[in-house]
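The values are calculated or read from the model by the stated rules, or taken from the named source; none is laboratory data. In this text, all values refer to a predicted model and were calculated from it rather than measured experimentally. Here the Cβ positions follow ideal geometry from the backbone for every residue, glycine too, while neighbour counts run over all protein chains shown.
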Amino acid sequence: MDFTKLDGLIPAVIQDAESQEVLMVGFMNEEALALTKKTGFATFFSRTRNKLWMKGETSGNQLQVVEMLTDCDDDTLLLKVKRLGDGNVCHTGERTCFYTPVSRT
């Protein structure tokens, strides 16, 4: 993975492996990616808290990795996941972080 373009981070798009719904986007550094591979659960680097965090570590809504794919530039990941817990991924309690429509005007 090419971690040089975003100051040591890569975007990770999270997609439900069954429904194909896009759930969220997080960022990973090399350590977060290594932990994700080791544990099988999505782990990210929080840019605001400047630390690693495993999705669902407090809510129980973990993301079990089913498959990991990289893009053609080797600088973005797609994680296909199985949702554990109540299935809500967004910190607001929504099923996905992508629920707010944007006006085209």
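Observations on the model:
- Single residue of the stretch 72-101 satisfying the filter (out of contact with any Ser or Thr (no Cβ under 8 Å at 6 or more places or on another chain) and aliphatic (A, V, I, L, M)) that is surrounded by the most Cβ atoms within 10 Å (Cβ to Cβ): VAL81
- Scanning the stretch 64-91 for residues that are assigned to a loop (DSSP other than H, G, I, E, B), more than 12 Å from the chain's Cα centre (by Cα) and under 27 Å from ASP7 (Cβ atoms) yields a count of 6.
- The residue that is nearest to the chain's Cα centre (by Cα), counting only those in the stretch 1-21 that are modelled with pLDDT of 95 or more and more than 17 Å from THR70 (Cβ to Cβ), is ASP16.
- Counting only residues that are surrounded by 15 or more Cβ atoms within 10 Å (Cβ to Cβ) and in a loop (DSSP other than H, G, I, E, B), the stretch 41-53 holds 1 of them.
- Filtering the stretch 54-71 to residues that are of a type in the set (Asp, Glu) and surrounded by 11 or more Cβ atoms within 10 Å (Cβ to Cβ) leaves GLU57, ASP71.
- Condition check for LEU35: within 10 Å of the chain's Cα centre (by Cα) and either outside any loop (DSSP other than H, G, I, E, B) or in contact (Cβ under 8 Å) with a residue 24 or more places away in the chain (or both): no
- For the stretch 54-63, filtered to residues that are part of a loop (DSSP other than H, G, I, E, B) and closer than 15 Å to THR36 by Cα, the residue that is modelled with the highest pLDDT is GLN62.
- Any hit, the stretch 9-28, residues being farther than 16 Å from ARG83 by Cβ, touching a residue at least 60 places away in the same chain (Cβ under 8 Å), in contact with a helix residue (DSSP H, G or I) (Cβ under 8 Å, 6 or more places away or on another chain) and surrounded by 12 or more Cβ atoms within 10 Å (Cβ to Cβ): yes
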